Every structure is written in structure tokens, then in C-alpha cells.
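The values are calculated or read from the model by the stated rules, or taken from the named source; none is laboratory data. These numbers come from a predicted model, not from an experiment. Reconstructed Cβ throughout: ideal geometry from the backbone, glycine too, with neighbour counts over all protein chains shown. Heads up: the accessible areas ignore ligands, DNA and RNA and are worked out on the full protein's heavy atoms, side chains in. Shrake-Rupley method; radii C 1.70, N 1.55, O 1.52, S 1.80 Å.
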Amino acid sequence: MSKALYIAEKPSVAQEFAKALKINGQRRDGYLESQDSVVTWCVGHLVTMSYPEKYDIKYKRWSLDTLPFLPREFKYEVIPGVQKQFEIVKGLLNREDVDTIYVCTDSGREGEYIYRLVAQMAGVHGKKEKRVWIDSQTEEEIMRGIREAKDLSAYDNLSASAYLRAKEDYLMGINFSRVLTLRYGNSVSNYLNTKYQAISVGRVMTCVLGMVVRREREIRAFVKTPFYRVLSSIALEGENFEGEWRAVEGSRYFQTPYLYKENGFKEKAYAEKLIQELLVSQPLQCTVEKIERKKENRNPPLLFNLAELQNVCSKLFKISPDETLKIVQELYEKKLVTYPRTDARVLSTAAAKEIYKNISGLRNYEHTAEIAQHIIEQGNYKNLAKTRYVNDKQITDHYAIIPTGQGLQNLGRLPQISQKVYQVIVRRFLSVFYPAAVYQKVSLVSAVGKEKLFSSFKVLVEEGYLKVANVPSGKKEEDAKNAEEKTDDIQCDAAFLACLQKLKKGAILPVDGYEIKEGETSPPKRYNSGTMILAMENAGQLIEDEELRAQIKGSGIGTSATRAEILKKLVNIKYISLNKKTQVITPTQLGEMIYEVVNASIRALLNPELTASWEKGLNYVAEGSITSQEYMDKLEHFIRVKVGGVLQVNYQAALRSRYDSIAGNYRKGGK
């Protein structure tokens with residue numbers, strides 16, 4: 001009797017497939033078996049690319065004579081520590097009674113690569129291979145994935161891009177790390193008085209190092225400029241509010257060289273002079289010249305992709321992107337949330353049709369039971385497909401991270417921080433079924449002679465989705481967002497808003513006095529682990545505004561699956577420092593020296609746009625727009641040219657002075 005073989009990425013996932021398939025058969029060494037099915041597993045990667053010395057022993061010794069290293073055919077080998085499981089899997093894949101193989105590794109580029117390498121090394125031939133592609137690990141979704149499994153060949157382009165990504169990282173890493181280490185490693189280690197220093201270079205990693213170093217240098221070079229604003233205290237029905245002077249058209253200071261900006265002076269003396277001029281007309285009062293009232297809607301934010309979740313968790317809980325990924329991966333494996341390694345922030349039309357199940361399950365979650373019940377009673381979910389939260393065109397592999405409404409029995413056994421992250425995901429999801437938050441805004445322009453005073457007020461009149469959006473850290477996600485948005489709006493209560501609503505043009509209000517408020521320009525902010533993930537997602541641009549981010553999305557550095565790991569590696573090799581309490585990222589002296597080496601010799605590796613274009617190229621291969629050979633030709637040409645450039649010129653003498661200038665920033669114990 002022929003059998004179906006199901007191969008998962010790890011034992012815990014295999015267990016879920018066995019449960020869904022109702023396999024109560026025997027547990028064997030490395031697999032489970034019933035009358036008609038066998039379930040086995042990898043343990044992550046079982047196969048890897050061979051080191052250069054496996055091609056020829058001459059490559060074991062690092063030498064400029066053997067560069068560039070560009071093999072015609074790539075060699076692969078089984079990872080020694082998992083040899084036993086590989087042999088078990090290989091035996092099962094080639095068993096005569098197995099006629100269909102269901103590939104159940106992670107539904108993404110890396111999961112595809114894991115299976116393809118195993119099949120390649122195991123020499124699989126003449127079997128039907130089907131690809132199971134799922135968005136969560138609930139039983140229904142697993143069974144749907146098996147029912148709708150396509151032929152593995154439908155994913156050949158994705159597989160090609162996975163192989164290329166690995167070859168690219170391998171070739172760039174080996175060639176550039178070797179050539180720069182041989183050329184400049186001694187100069188770095190001699191300067192730091194350390195042992196032999198290998199220079200570690202990577203397509204994405206080096207680009208991220210460049211972003212951190214450049215930001216640090218912008219901060220160092222920044223010169224604070226003081227400026228002086230003039231503020232009035234205006235009285236209205238027993239309350240006082242601020243009016244800010246601005247040098248608009250008609251003012252005697254309009255476009256004068258004394259201004260820093262239209263609302264402040266470069267020197268205090270001019271601010272004092274302005275106040276003396278304003279105090280001349282007695283009694284002190286101003287006339288309301290213009291009043292504008294408008295309502296402002298703030299829609300619920302888009303759903304979480306991995307980058308957005310990592311950013312929010314970095315802000316709220318001060319945890320690293322790597323920790324967030326581990327937590328959400330565990331939530332996925334416990335059936336609590338959908339697939340985490342996603343770039344999409346919307347749902348598919350198919351998911352939207354079934355969304356009732358997700359909401360309904362959340363009626364059993366104590367923190368949001370009433371909210372979920374209210375959404376179902378109101379029927380708000382029925383029109384979801386017509387909203388901005390559903391868009392099939394914005395999804396490549398998987399839709400956004402949302403709660404499944406299942407697996408709640410597993411939640412209590414997870415650490416506190418995992419439960420908090422789960423609640424953040426749930427609240428973001430339920431928010432989209434609530435209306436926008438509505439703010440009433442009032443803007444006033446008051447006149448004192450020819451000078452104008454500006455005031456702006458904002459009050460929340462309808463909570464809308466904000467009722468749902470608070471998170472377990474005690475602060476609201478919305479508050480965390482607002483804290484970063486600089487605003488001149490004066491927050492006021494409903495009673496004062498009512499007074500403002502009655503105010504009419506031409507009204508005369510008493511002014512209780514004027515004061516000078518000194519300020520100074522601020523340097524750029526350092527990246528924290530969350531904002532760095534966002535900057536990587538957007539090709540090196542830190543775009544905090546989520547609407548704008550959604551518009552330019554499409555060419556990131558790295559992928560949602562790899563970004564956290566890249567930051568972690570940079571910390572581990574001591575090129576950057578990550579403050580665990582604040583999650584702020586700074587370069588180390590070593591990291592800054594490596595930046596100088598790369599900047600002098602292979603500057604292109606520091607260019608975010610170029611790095612993003614490589615990632616885009618891999619996507620084109622996955623889509624079938626370009627062939628693997630076209631991509632490989634471009635890659636090999638790039639490596640030949642850049643290695644050749646390093647071999648032709650030696651910048652050691654010039655780098656010495658750069659090292660000296662860097663060292664001055666680290667003499668007090670370094671960073």
C-alpha cells in the first residue's frame with residue numbers, strides 16, 4: 001500500500017501535522033507512522049554550502065592569489081551535528097512505498113530552501129512532490145493546506161531565488177571578507193593591539209553598519225543652535241492659554257536676518273526688543289482675527305507585519321527584534337497567531353471571508369472578550385473586504401500577523417512578555433473593526449497691532465478604536481506614537497473646548513504678559529532596534545509615518561525573516577552596541593574602523609539603495625521576471641570588479657589617519 005510522507009521543518013510542527021491528520025501510529029526514531037501516512041521532520045537546516053577547501057585544499061589558506069573565488073558548480077554537505085536525522089529523512093524520502101511527498105516546511109523562501117537542499121542531497125526522484133502553503137498552524141488551516149497543495153514545481157522560481165540568496169551571501173562573504181582581511185586586517189589589529197583581526201563583511205550586514213556609523217557621525221558633527229521664541233499668556237473665561245508670536249507677512253520682523261525661523265530669533269536681545277514693543281500698547285490685549293474649527297479623523301493603523309511588530313515591541317517593552325521574533329514564532333507554533341515572517345500589513349480576500357472565526361475565538365480571551373462580543377453583535381466585520389485592511393495585491397507570501405482565535409489554552413503557560421506581545425497583536429487586530437478616533441481642532445490667530453499670535457488646540461471627542469488600542473505596559477500604543485510626533489497643539493478638556501467654540505472673530509481677549517522661551521536645535525536621533533528594523537524595511541530611510549511607509553514599500557534591506565538576525569550578528573562580532581534598557585544602537589570603535597576600511601575599498605557595500613536593489617533582484621527571480629543565470633552573471637561581475645579594485649590599491653597609510661580621528665571618540669572607555 002502506498003503512503004504519503006509529510007516533512008516539516010522541526011519536530012514541534014511535525015507534531016501539529018500528525019494531530020491534524022489524526023495519525024495515532026507508532027513513534028519511531030525521527031518519524032511517526034500510521035497505515036497510510038508518515039510524518040518526519042528536519043531540525044532547521046540539515047544541509048549547508050561547503051567551505052572553499054572542499055573545492056580544493058589550496059583554498060584553506062587565505063591568499064590573495066586565490067581570489068576571487070567563483071566556483072562553476074556549488075558543493076553542499078550534510079551538517080555534521082544533524083547527520084543522523086538527515087539519514088532518517090533520506091531513507092523515508094526514498095522509501096519504495098512512499099509515492100507522494102508533502103513539503104510542510106515553513107511557507108517562505110527559507111523554508112523552501114531547507115527542503116530543496118535535503119531533496120537534492122537525498123537524491124529524490126520519481127515521487128509526486130506537493131507543497132503545503134499555510135498561514136497558521138490551526139488544524140483547519142493545516143488540512144486546507146494539504147487539500148490545496150500545489151505541485152512543488154509551482155514554487156521553482158521561489159526555490160531559485162532561495163539558492164541565489166544563499167550563493168550571494170556566501171560569495172560576497174567569502175570574497176570580500178578574505179580580500180579585506182588580507183589587505184587590512186593587520187592594520188586594524190595592530191592599531192587596536194589585538195590578535196589577528198578578521199574583517200567580517202556581508203551584503204546586508206555591512207550596509208546596516210554603515211547606517212549606524214553615518215548616523216553617529218551626523219550626531220557628533222551637529223552643532224546646537226539656540227533660538228528664542230516669544231510666547232503670550234492669553235486669558236479666556238478664567239483659563240490661560242499660549243499664543244506664539246510668528247513673523248508672518250505684515251510683521252516688522254517679516255523675513256529679517258534676525259530670525260532663526262518665523263517663530264524665533266537667533267539672539268535673545270531681539271526677542272526682548274519685541275516684547276518691549278508689544279508692551280507699549282496698553283491695556284495688554286489681543287483681537288481674535290481668525291478662527292478655524294475642524295474635525296480630524298485618525299483611522300486605526302494597518303495590521304502588523306513583522307517589522308512593525310518589532311518596532312512597537314522595542315518601544316513598549318524595550319525588547320530586541322530578535323526577542324520579538326522568537327516570541328511571535330512561539331505564538332505561531334502554539335496556534336495563537338498567524339505566520340510571523342511576513343511583510344504584508346493587510347489581509348487577503350480569502351482570509352477576510354473567514355474572519356468571523358478569529359473574532360469569535362477571542363470571546364474566550366479575558367482581556368478582549370467584551371470587545372470581540374461587541375464586534376460580532378454590531379456585525380462590523382462583515383464589510384472588512386471593502387476596507388483598506390484587505391488588499392490581495394499587497395501580499396506576496398503571507399498576509400498580516402493576526403490572532404487565530406485558537407490555542408488560548410497554551411497562553412497561560414507562556415512567559416509574561418509573550419502574553420503581552422500577544423495582547424498587542426490582538427488589540428491591533430480588533431482595532432480595525434472600530435471607527436476612527438475623532439479630534440476637534442481649533443486654530444486661533446490673534447493680533448496685537450501688526451504682530452500676530454498663533455494658538456492651536458486639540459481635544460479627543462470620539463474615542464473610536466482608541467478604546468481597544470491600549471496595551472499591557474500601562475501606556476497606549478497611540479501614546480507611544482504621539483510621544484514621537486512633535487506637535488504644537490495644546491491639549492485641552494471638553495469644558496475649555498466649549499469656550500473656544502463660542503469665541504467669535506473680532507473678540508478682544510486680555511493678555512496677561514509675554515515671556516521668552518529659549519530652545520535649541522536637536523541632533524538626529526540614534527537608531528534604536530525598532531527604528532532600525534523600519535529603516536531596513538525602507539531601504540535605509542527611517543520613515544516613521546505609517547501611511548508614507550506603505551506607499552514607498554517594496555525595496556527593503558534584508559527580509560522580515562533575516563533583519564533581526566543581522567542586528568544580532570553585528571552585536572555579537574562587536575561592530576555595534578545595543579543598550580538592553582533603551583534598545584539604542586551605537587557603533588563600536590572596531591565597527592567604525594571596519595566602516596572606514598569598506599568605505600575606502602568597496603564603498604558600494606555601504607549603499608542602502610544598491611543593497612535593496614539586490615533584494616529586489618531576488619524578488620524578480622521569485623516572480624519569474626528574470627532568470628537565475630542573469631542574476632548570477634550580474635553577481636559574479638560585481639564580485640570580480642570589487643575584488644580587483646581592492647587588489648589594485650592599498651589605502652593603509654590613509655586609513656591610519658582615519659583610525660586616529662575615530663579613536664578620539666572612544667578614549668573614555670569606548671562604547
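Checking each residue in the stretch 167-186 for being open to solvent by less than 10 Å² (accessible area, probe 1.4 Å) and within 25 Å of the chain's Cα centre (by Cα) picks out Glu168, Met172. What residue, among those in the stretch 225-248 that are modelled with pLDDT under 95 and in a loop (DSSP other than H, G, I, E, B), is least open to solvent (accessible area, probe 1.4 Å)? Only one residue fits best here, namely Thr225.
Within the stretch 411-456, if we keep just the residues that are part of a helix (DSSP H, G or I) and aromatic (Phe, Trp, Tyr), the residue that is farthest from Val248 (Cα to Cα) turns out to be Tyr422.
Does the stretch 12-28 include one or more residues that are modelled with pLDDT under 95, loosely packed, with under 13 Cβ neighbours inside 10 Å and of a type in the set (Asp, Glu)? No, the stretch 12-28 contains no residue that is modelled with pLDDT under 95, loosely packed, with under 13 Cβ neighbours inside 10 Å and of a type in the set (Asp, Glu). Applying a threshold of 7 Å to beta carbon distances and a minimum spacing of six or more residues, or different chains, the list of pairs starting in the stretch 579-597 at a residue that is surrounded by fewer than 23 Cβ atoms within 10 Å (Cβ to Cβ) and ending at one that is of a type in the set (Gly, Ala, Ser) and part of a strand (DSSP E or B) reads Thr586/Ser577; Thr588/Ser577.
Under the condition of being free of Cβ contacts under 8 Å to residues at least 60 places away in the same chain and not aliphatic (A, V, I, L, M), which residue from the stretch 428-463 is surrounded by the most Cβ atoms within 10 Å (Cβ to Cβ)? Only one residue tops the list, namely Ser456.
The set of residues in the stretch 364-403 that are under 22 Å from Val421 (Cα atoms), in a helix (DSSP H, G or I) and open to solvent by 80 Å² or more (accessible area, probe 1.4 Å) comprises Asn364, Glu370.
Checking the structure you have, find out if any residue of the stretch 269-290 is touching a Cys at 6+ places or on another chain (Cβ under 9 Å) and farther than 30 Å from Val461 by Cβ. No, there is no match, as no residue in the stretch 269-290 is touching a Cys at 6+ places or on another chain (Cβ under 9 Å) and farther than 30 Å from Val461 by Cβ. Per the listing Arg109, Arg131, the residue uniquely buried (at least 18 other Cβ atoms within 10 Å of the Cβ), touching a residue at least 40 places away in the same chain (Cβ under 8 Å) and basic (Lys, Arg) is Arg109.
Within the stretch 390-413, if we keep just the residues that are in contact (Cβ under 8 Å) with a residue 40 or more places away in the chain and among the charged types (D, E, K, R), the residue that is nearest to Tyr332 (Cα to Cα) turns out to be Asp397. Take Glu77 and tell me if it is farther than 30 Å from Gly407 by Cβ and free of Cβ contacts under 8 Å to residues at least 24 places away in the same chain. In short, no.
Every residue, every condition in (1) over 30 Å from Lys60 (Cα atoms); (2) in contact (Cβ under 8 Å) with a residue 60 or more places away in the chain; (3) of a type in the set (Ser, Thr, Tyr); (4) open to solvent by less than 30 Å² (accessible area, probe 1.4 Å), yes or no:
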{"position": "Gly123", "(1), (2), (3), (4)": "no, no, no, no"}
{"position": "Glu139", "(1), (2), (3), (4)": "yes, yes, no, no"}
{"position": "Ile142", "(1), (2), (3), (4)": "yes, yes, no, yes"}
{"position": "Lys150", "(1), (2), (3), (4)": "yes, no, no, no"}
{"position": "Asn190", "(1), (2), (3), (4)": "no, no, no, no"}
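The residues of the stretch 453-464 that are more than 34 Å from the chain's Cα centre (by Cα) and within 14 Å of Glu292 (Cβ to Cβ), listed by number, are Phe454, Ser455. For Phe17, the criteria (1) of a type outside the set (Val, Ile, Thr); (2) touching a Cys at 6+ places or on another chain (Cβ under 7 Å); (3) without any contact (Cβ under 8 Å) to a residue 60 or more places away in the chain hold in every case but one, which is (3).
The helices (runs of 4 or more DSSP H) found wholly in the stretch 127-197 and carrying at least 1 residues that are aromatic (Phe, Trp, Tyr) occupy 156-180, 186-192.
Scanning the stretch 613-649 for residues that are of a type in the set (S, T, N, Q) and open to solvent by 50 Å² or more (accessible area, probe 1.4 Å), which turns out nearest to Ala600 (Cα to Cα)? Out of the qualifying residues, it is Gln648.
Look at the stretch 365-389: where a residue is under 12 Å from Tyr434 (Cα atoms) and a partner is open to solvent by 60 Å² or more (accessible area, probe 1.4 Å), sitting 6+ places away or on another chain with Cβ atoms under 8 Å, you get Ile371/Lys467; Ala372/Arg363; Ile376/Tyr356; Ile376/Arg363; Tyr381/Tyr356.
For the stretch 550-578, a residue qualifies if it is of a type in the set (S, T, N, Q) and either open to solvent by less than 10 Å² (accessible area, probe 1.4 Å) or at pLDDT below 95 (or both), and the qualifying residues are Gln551, Ser555, Thr559, Ser560, Thr562.
Go through the stretch 270-320 residue by residue and tally those that are open to solvent by 10 Å² or more (accessible area, probe 1.4 Å) and in a strand (DSSP E or B). Looking only at that region, the number is 12. Can you work out which of the residues in the stretch 249-269 that are basic (Lys, Arg) and assigned to a loop (DSSP other than H, G, I, E, B) is farthest from Glu451 (Cα to Cα)? Restricting to residues being basic (Lys, Arg) and assigned to a loop (DSSP other than H, G, I, E, B), the top hit is Lys266.
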